[in-house]
1. Answer with yes or no whether ILE44 is out of contact with any Pro (no Cβ under 7 Å at 6 or more places or on another chain), in contact (Cβ under 8 Å) with a residue 24 or more places away in the chain and part of a strand (DSSP E or B).
2. What is the residue count in the stretch 47-60 for residues that are exposed (fewer than 12 other Cβ atoms within 10 Å of the Cβ) and either modelled with pLDDT of 95 or more or not in a loop (DSSP other than H, G, I, E, B) (or both)?
3. Checking ASN82 against (1) surrounded by 14 or more Cβ atoms within 10 Å (Cβ to Cβ); (2) away from the ligand (no atom under 16 Å from the Cβ): exactly one of these is not met. Which one?
4. Would you confirm whether any residue within the stretch 29-48 is of a type in the set (Phe, Trp, Tyr) and under 24 Å from VAL96 (Cβ atoms)?
5. Has the stretch 69-90 got any residue that is small (Gly, Ala, Ser) and under 22 Å from VAL124 (Cα atoms)?
6. Sort through LEU108, LEU37 and tell me the only one that's at pLDDT 95 or above, of a type outside the set (Gly, Ala, Ser) and surrounded by 14 or more Cβ atoms within 10 Å (Cβ to Cβ).
7. Filter the stretch 27-68 down to the residues that are of a type in the set (Lys, Arg) and more than 7 Å from the ligand (Cβ to nearest atom) and list them by number.
Amino acid sequence: MSRFPARHAIIIGGGASGVLLAYQLLQNQGFGFRVTLIERRPEIGRGPAYHTNNPEHVLNVRAANMSALPDDPEHFWRWLSNRAEGPLCPDPYCFVPRRTYGDYLSSLTAPLTSSESEPPRLTVVHGQCVDLDEGPTGVTVTLADGSRHIGDVAVLATGNDSPVAKLPCDADPWAPPCLPLTGTQPC
Ligand SMILES: Cc1cc2nc3c(=O)[nH]c(=O)nc-3n(C[C@H](O)[C@H](O)[C@H](O)COP(=O)(O)OP(=O)(O)OC[C@H]3O[C@@H](n4cnc5c(N)ncnc54)[C@H](O)[C@@H]3O)c2cc1C
C-alpha cells in the first residue's frame, strides 16, 4: 500500500480500453491511484462492440486468444469455464457472443467498486463528458449535466466516433438488422 495520498485518475470512456486501464491502475496498489471512470452508456465494459444482446453477434477471435490480462493468457477461458450459467463451449477454440465478453470485462472491475476505503478506489459515473480543462494543479472534467470532477490526470478512452451517414438512406452498420432504414431519398 502506498504511504502517499492516492492520485486521482479520471478515465473518460468505459469501453474495453477504459475498463482495462482502470483495472491495471488499481491492481497495482504501488501505482497509488484511485480512479473515476466516466461512461455515457448504462453499462461499462461494453462500447459498440460488446453491448449487443444478439447471441449471434460473436467475437471474431477464439476464446483462447481473448484474455484481457497479458500476463495470464488463459484468464478469459477460466472465467468462461467458471460462469454460474455453465460453460458456453467445450474448448477454448470457440467464438463466444460479444455480449459475454462485455460481461467478462465488467466483471474485472466489479470487485474494485465496493471497497472499505473512502472514497472507493474505483467510482463509476454515468454521464457524457463535454469538457476537459487542464490547469497547473490538475484537470477538471465537466459532464453534460453540469457536474464537475477534479483529478490529477485524465485519460481519453472514448474509442472511435460513430460513422456519420452521408445519405439519408445510409444504414447505421452497428444498428440491429431488424431496424428499418430511415429517409426518403433513393440510394
Ligand atoms: C461491431 C464491432 C465488433 C468488434 N468485435 C471485436 C472482436 O470480436 N474482437 C476484438 O478483439 N475486437 C473487436 N472489436 C474491436 C473492439 O471494439 C475494440 O478492440 C475495443 O472494444 C475498443 O475499445 P475502446 O474502449 O477503445 O473503445 P469503445 O469500445 O468504443 O469504448 C469507448 C467508450 O467511451 C464512451 N464514450 C465516448 N465518448 C464519451 C464521452 N464524451 N463521455 C462519456 N463516455 C464516452 C463510449 O460510450 C464507449 O463505451 C469490434 C468492434 C466493433 C465496432
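The values are calculated or read from the model by the stated rules, or taken from the named source; none is laboratory data. Not measured: the values here are computed from a predicted model. Note that each Cβ is placed from the backbone with ideal geometry, even for glycine, and that neighbours are counted across all protein chains shown.
1. Working: out of contact with any Pro (no Cβ under 7 Å at 6 or more places or on another chain): yes; in contact (Cβ under 8 Å) with a residue 24 or more places away in the chain: yes; part of a strand (DSSP E or B): no.
Here the answer is no, as ILE44 does not meet what is asked.
2. Initially, the stretch 47-60 is screened for residues exposed (fewer than 12 other Cβ atoms within 10 Å of the Cβ), giving 53, 56, 60.
Going one step further and asking which of them are either modelled with pLDDT of 95 or more or not in a loop (DSSP other than H, G, I, E, B) (or both), we end up with 60.
Final tally of qualifying residues: 1.
3. (1)
4. Keep residues of the stretch 29-48 that are of a type in the set (Phe, Trp, Tyr), which gives 31, 33.
Within this subset, residues satisfying the condition of being under 24 Å from VAL96 (Cβ atoms) are none.
No, the stretch 29-48 contains no residue that is of a type in the set (Phe, Trp, Tyr) and under 24 Å from VAL96 (Cβ atoms).
5. No, the stretch 69-90 contains no residue that is small (Gly, Ala, Ser) and under 22 Å from VAL124 (Cα atoms).
6. Details: LEU108 fails: at pLDDT 95 or above.
Unique residue meeting the criteria: LEU37.
7. First pass over the stretch 27-68, keeping only residues of a type in the set (Lys, Arg): 34, 40-41, 46, 62.
Answer for the stretch 27-68, where residues must be of a type in the set (Lys, Arg) and more than 7 Å from the ligand (Cβ to nearest atom): ARG34, ARG62.
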